[in-house]
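The values are calculated or read from the model by the stated rules, or taken from the named source; none is laboratory data. The structure displayed is predicted, hence computed values, not measured ones. Ideal geometry is used to build each Cβ from the backbone, glycine not excepted, and the neighbour counts take in all protein chains shown.
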Amino acid sequence: MLDVNFEFVGGVLFVRLEGKINNDSISSVKDNLIEIIKKGGIKYLVFNITKSIIEERVDLFDDCNSLVKNNNGKMYICGLKNKLESVVSFKCETVKNELSVLKKIRVC
């Protein structure tokens, strides 16, 4: 089971995932999130996976990064316990927590 929380704060979309991340659990999340990014023109996206266990590599992160880059934005991941290469196929910035992202992009 995967619990998902979306929150839009100061121009940043936070996506908090709690539970097991695998291709089965992420499929409906992916469709909804991609729709939000496309329609909303999201530039800054933060995945908080602090309370998640990544069971296998999923294309959610790669697909979302591509969309955000098309919007001239950036994606961040916080709470990463695995090696970054086991989660994404691109260079991505990992951050300690959500607040550090807001400081980096100076929206607060």
inquiry  = Condition first: at pLDDT 90 or above and out of contact with any strand residue (DSSP E or B) (no Cβ under 7 Å at 6 or more places or on another chain). Now tell me which residues in region 38-58 satisfy that.
reply    = K38, K39, G40, G41, K43
request  = Scan region 60-70 and give yes if some residue there is among the β-branched types (V, I, T), surrounded by 12 or more Cβ atoms within 10 Å (Cβ to Cβ) and modelled with pLDDT under 90, otherwise no.
outcome  = no
query = On the given criteria, is I77 modelled with pLDDT under 95, among the β-branched types (V, I, T) and in a strand (DSSP E or B)?
reply = yes
task = Report, by residue number, each residue of region 26-62 that is farther than 16 Å from F6 by Cβ and outside any strand (DSSP E or B).
result = S27, E55, E56, R57, V58, D59, D62
message = Is it the case, given these coordinates, that K20 is closer than 15 Å to G79 by Cβ and of a type in the set (K, R)?
response = yes
